[in-house]
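What follows is one structure encoded as structure tokens, with my remarks underneath.
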Amino acid sequence: MVVHGAIIGCGILAYSIMGVGKYVVLRYLLSNARWWLEEYKFDGFRFDGVTSMMYTHHGLQVAFTGNYGEYFGFATDVDAVVYLMLVNDLIHGLYPEAVAIGEDVSGMPTFCIPVQDGGVGFDYRLHMAVADKWIELLKMACTSQLLFVQDMYDFMALDRPSTPRIDRGIALHKMIRLVTMGLGGDGYLNFMGNEFGHPEWIDFPRGPQSLPNGSVLPGNNYSFDKCRRRFDLVSLTMLLYSFNISRPAIYFFVNLGKDQEEMQIILDIVFMTTDHQYVSRKHEVDKVIIFERGDLVFVFNFHWSNSYFDYRVGCFKPGKYKIVLDSDDGLFGGFSRLDHDAEYFTAVSIGS
């Protein structure tokens, strides 16, 4: 790939494609993509650092707010965007079932819309900003409440009592994934085993790396110890991993139907693409977040010790409400503390 680099600020090395508007460069890049698909039978590609490609400023020191002028203007690298459209059209034209994933933190509109509809053509957007924000929030919080790594090696079995840190960690894992699916656009958290709470990090064999500022990033002596994912943990029914505590949230909805009629109602629920999206409550002291998407009302209590009764929840639509998903359900490794047969009716507040 033809690239050029530039040292920006405090040793940040930025790359961008150069010359993709030229026929010979485009031919090389497109034939390269086809070669991997045909010769090595790849079933897709992940394009790394696409944000740096699509803008002449490489996305550095830019706070994207969603204004269209930030995406479609003089800062847009048109040649690079056209190349991405062409390579996605080639990938899906030759192999319709192939998957193309682009890493973009800018929120470029039309990024995952098919090329024939005027989009860039990716199937999925890898948006690390949301995951990085969760890492930041968890590091800021009290480690005694959140970190349960050591307990995971000894207290995840069903034949022994768990610990408060295990209970808290599992609850947070379920809630973090669901609140992200509810408020994270059309996205969800998913990464190499984290969908079921993999107990170890992933670390590929690597040696020491010299950085542009002269410092050295230590390696791991080319160790293969953490170069694995224990996907077998999900099938071990004697461990808490076997619960559906962290499958994609849509899997929860499918399994919650108590009969065929109720299951169909749940399957008909559409919330990730609905026009109605409204956050009605964010209470820092109560640690409560309440929001609506479509016909659903999401209520999250992130407090580590407080439970609330008769908690007033604002709703856009009047009528009767019932629980359709409960992260504390025993089906997902919870304690089943909520009554799913209870019905909740709206009431008009005085002065409203």
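The values are calculated or read from the model by the stated rules, or taken from the named source; none is laboratory data. Please read all numbers here as calculations on a predicted model, not as lab measurements. Note that we place each Cβ from the backbone using ideal geometry, even for glycine, and neighbour counts take in every protein chain shown. These area figures cover heavy atoms from the full protein model, side chains too; ligands, DNA and RNA do not enter into them. Shrake-Rupley method; radii C 1.70, N 1.55, O 1.52, S 1.80 Å.
Checking the condition modelled with pLDDT of 90 or more, of a type in the set (A, V, I, L, M) and either over 18 Å from VAL81 (Cα atoms) or open to solvent by 50 Å² or more (accessible area, probe 1.4 Å) (or both), which residue from LEU26, LEU37 passes? Only one candidate passes the filter, namely LEU37.
Taken together, the residues in region 271-315 that are surrounded by 12 or more Cβ atoms within 10 Å (Cβ to Cβ), of a type in the set (Val, Ile, Thr) and in a loop (DSSP other than H, G, I, E, B) amount to 2. Filtered by the rule that a residue be of a type in the set (Asp, Glu) and touching a residue at least 40 places away in the same chain (Cβ under 8 Å), region 58-99 gives ASP77, ASP79, GLU97. Return yes when ILE176 is open to solvent by less than 90 Å² (accessible area, probe 1.4 Å), more than 30 Å from MET272 (Cβ to Cβ) and out of contact with any strand residue (DSSP E or B) (no Cβ under 6 Å at 6 or more places or on another chain) and no when it is not. So ILE176 fails the test. Of the residues making up region 107-138, those that are in contact with a strand residue (DSSP E or B) (Cβ under 7 Å, 6 or more places away or on another chain) and hydroxyl-bearing (Ser, Thr, Tyr) number 1. Considering every residue within region 58-69, establish whether at least one is surrounded by 13 or more Cβ atoms within 10 Å (Cβ to Cβ), touching a Phe, Trp or Tyr at 6+ places or on another chain (Cβ under 6 Å), among the small types (Gly, Ala, Ser) and not in a helix (DSSP H, G or I). No, the conditions are met nowhere in region 58-69.
Does VAL130 count as touching a helix residue (DSSP H, G or I) at 6+ places or on another chain (Cβ under 7 Å), open to solvent by 30 Å² or more (accessible area, probe 1.4 Å) and within 24 Å of PHE191 (Cβ to Cβ)? Against the criterion (touching a helix residue (DSSP H, G or I) at 6+ places or on another chain (Cβ under 7 Å), open to solvent by 30 Å² or more (accessible area, probe 1.4 Å) and within 24 Å of PHE191 (Cβ to Cβ)), VAL130 qualifies. Considering region 316-352, the residues that are farther than 30 Å from LEU239 by Cα and either open to solvent by less than 50 Å² (accessible area, probe 1.4 Å) or among the hydrophobic types (A, V, I, L, M, F, W, C) (or both) include one that is nearest to the chain's Cα centre (by Cα), namely PHE316. Applying a threshold of 9 Å to beta carbon distances and a minimum spacing of six or more residues, or different chains, the list of pairs starting in region 197-217 at a residue that is in contact (Cβ under 8 Å) with a residue 40 or more places away in the chain and ending at one that is exposed (fewer than 10 other Cβ atoms within 10 Å of the Cβ) and in a loop (DSSP other than H, G, I, E, B) reads PRO199/TYR153; ASN213/CYS10. Name the single residue, out of those in region 254-270 being under 22 Å from the mean Cα position of the chain (by Cα) and assigned to a loop (DSSP other than H, G, I, E, B), that is modelled with the highest pLDDT. Top of the filtered list is VAL270. If you go through region 191-241 and pick out every residue that is surrounded by 13 or more Cβ atoms within 10 Å (Cβ to Cβ) and of a type in the set (A, V, I, L, M), you end up with 6.
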